[in-house]
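The block underneath contains the structure these notes are about, expressed in structure tokens.
The values are calculated or read from the model by the stated rules, or taken from the named source; none is laboratory data. Just so we're clear, the structure is a prediction, and the values are computed from it rather than from any experiment. All Cβ positions, glycine included, derive from the backbone under ideal geometry; neighbour counts span all protein chains shown. Keep in mind that these areas ignore ligands, DNA and RNA; they rest on the heavy atoms of the full protein, side chains included. Shrake-Rupley method; radii C 1.70, N 1.55, O 1.52, S 1.80 Å.
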Amino acid sequence: MELEVRHLRVLCAIADAGSLHGAARALGTSQPALTTQLRRIEKTLGGRLFSRERTGCVPTVLGRGVVGRARPLLASLSALVADTRAAAARAAEGDRLRIGSTASRAIPGWLRRLRERLPGTETELQVAVSATALLRQVAAGELDVAFVHEVEGCPLRIPPGLEIRTLVEREPQFVCLAADHPEAHKTLVDLADLAADQWMVDPSVDGEWEGLRRVLNAAGLNPRVLHGDYLTAAGLVATGEVVTLCQPTSRPRSDMAVRPLRDDPLGVRLLLAVRSGAYGGELAGVGTDLESAYWEAASHSPAYRTWLEERGRRP
């Protein structure tokens, strides 16, 4: 048996997961099959790479050395594949900018600015709920750039070979209420005053449920929680069935109110991701256009505009 790239991926997956079970799930294989593969790799290299302990699989001294040298090799290979795929796509289909994004009010203004900046470039947009999935697509060369949200306390796992630019260090999360909700007339809402309400959250959004649960627990609240997408949530909010977290750039409707929470208990970080070394050329102004589009969206949200002005920040 000769050592191959896939074997290096196996070793890194075990080291990252800290267990054979977790690594097998990440690799899409069974634990017995992974155990057999690990034994073959160890036999090939002539030594034990992981020891099984109560806390899981721990790399031995030999294992740490192998994994430490394997990581940069895999990162370089991934970058090579991603760059080659991107170059091949550009050559085959002409000028094209492939954008990924989690949901944001900044997207329309961003696309408008990109069309003005790059009049001969076709812009493609893919909106997804999972920031992790979008980052992986950028790393794999399937997207050129991704705009993602990182929930406070739930850091995203950044794939190797990506450059990350922070657009907004901390964006507060507001609450969305029915227009006739008792708290809707207030300019600032206390979490404690929503103790009797039913909340709705989309668990498929990376970190969203974990972040909300942490905030509610910290406030000593244990409300009823529904899981569902935010399109459904909007309808239920309007009828008073639920309340939900929302982006501060959300615009109020006649049947819904958007309000900041006292002390801003939960925030997100807004990030722009590209492959390492890809800034420049057609990507040079992408971040600037997005930042301008974001603040434009912020200025159109009365609650957020007031929140920003009270803190001396630009809307």
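Within the stretch 1-16, which residues are touching a residue at least 12 places away in the same chain (Cβ under 8 Å), charged (D, E, K, R) and outside any helix (DSSP H, G or I)? Show your work before the answer.
Within the stretch 1-16, the first condition is being touching a residue at least 12 places away in the same chain (Cβ under 8 Å), and the residues that meet it are 1-3, 5, 7-15.
Going one step further and asking which of them are charged (D, E, K, R), we end up with 2, 9.
Passing the criteria: only Glu2.
So which residues in the stretch 133-172 are outside any strand (DSSP E or B), open to solvent by less than 30 Å² (accessible area, probe 1.4 Å) and acidic (Asp, Glu)? Passing the criteria: only Asp144.
Those residues that are open to solvent by 40 Å² or more (accessible area, probe 1.4 Å) and over 13 Å from Val175 (Cα atoms), I need them from the stretch 222-234; list them, please. Write out each step before concluding.
Within the stretch 222-234, the first condition is being open to solvent by 40 Å² or more (accessible area, probe 1.4 Å), and the residues that meet it are 222, 224-227, 229-232.
Across the stretch 222-234, the qualifying residues are Asn222, Arg224, Val225, Leu226, His227, Asp229, Leu231, Thr232.
Among the residues making up the stretch 1-16, a single one is of a type in the set (Asp, Glu) and surrounded by 13 or more Cβ atoms within 10 Å (Cβ to Cβ): Asp16. Name every residue in the stretch 183-202 that is over 18 Å from Gly235 (Cα atoms) and either open to solvent by 10 Å² or more (accessible area, probe 1.4 Å) or among the acidic types (Asp, Glu) (or both), in order of residue number. Within the stretch 183-202, Glu183, His185, Lys186, Thr187, Leu188, Asp190, Leu191, Ala192, Asp193, Ala195, Ala196 meet the criteria. Checked against (1) modelled with pLDDT of 95 or more; (2) assigned to a helix (DSSP H, G or I), Val175 passes all but condition (2).
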